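Remarks on the structure that follows.
Any read-out appearing in this document is the output of simple, stated calculations on the displayed coordinates, not a laboratory observation. This one's a predicted model, so the numbers in the text were calculated from it and none came from an experiment. Here Cβ is always computed from backbone atoms with ideal geometry, including for glycine, and neighbour counts include all displayed protein chains.
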Amino acid sequence: MHQLFLEIIIAPSFEAEAFEVLAKKKNLRLLELDFSQKDQSMSQKEVVSVLGGLLVQEQDIIVEDSADWQVVTKVQPTAAQLATLAFAWKAVKHTKSNAIVIANDQRTLGIGAGQPNRIDSTKIAIQHAGDAIDETAVLASDAFFPMDDCVEYAAQHGIKAIVQPGGSIRDQDSIDMADKYGITMVTTGIRHFRH
């Protein structure tokens, strides 16, 4: 981690030795946060200011199990792909709406978010990931694909696995596109759409 450009690391705790090394890195913030809290009754409201008012929304503290995901394509995910998809799914949950995250088994490679449509977010995420996209790279989308263009664009740039909630009236178009390119796609049945 010391070799990467990092501005913040949030973890449940830091071993003294690791803290000592990381604390020496200039402008790196280290935060300890208890991630074990899974009591959904603890949900609080999130408030975002907008011109002339406030947007109030429930915190997204849904606890998910990848065992509940459904493989919707002909190609089945490997155990390694499922683990990477789970990581990418957690990352996309905390990204602003119309979010796309490209990740591999070690880190987030690219993020596209806050765009008026999903294809623009996909292009931005893939552009940011660049040459880091390899055989282990996956794509996570916080909401369903209303069109199959994101799947095709991802395929053309080396993505082999996708996780998304599903639920579009045009889901089959995206599934067919994934099958055309030999991509595995899993649906979660849960939408994360952070404003």
Kirkwood Rh over alpha-carbon pairs of the chain, then Stokes-Einstein at 10 °C and 1.306 mPa s: what D in µm² s⁻¹, rounded to an integer? 89
Along the charge dipole of the chain, pointing to its positive end and built from +1/-1 on Cβ of Lys, Arg, Asp and Glu, which listed residue (124, 104, 182) has its Cα farthest out? 124
Using the Cα centre as the reference, give the magnitude of the dipole from point charges on the C-beta atoms of the stretch 66-187 (Lys, Arg: +1; Asp, Glu: -1; all else neutral), rounded to the nearest 20 debye. 300
Please give the calculated 222 nm ellipticity per residue for the chain, where each DSSP H segment of at least 4 residues contributes -39500 (n - 2.57) and the sum is spread over every residue; nearest 500 deg cm²/dmol? -8500 deg cm²/dmol
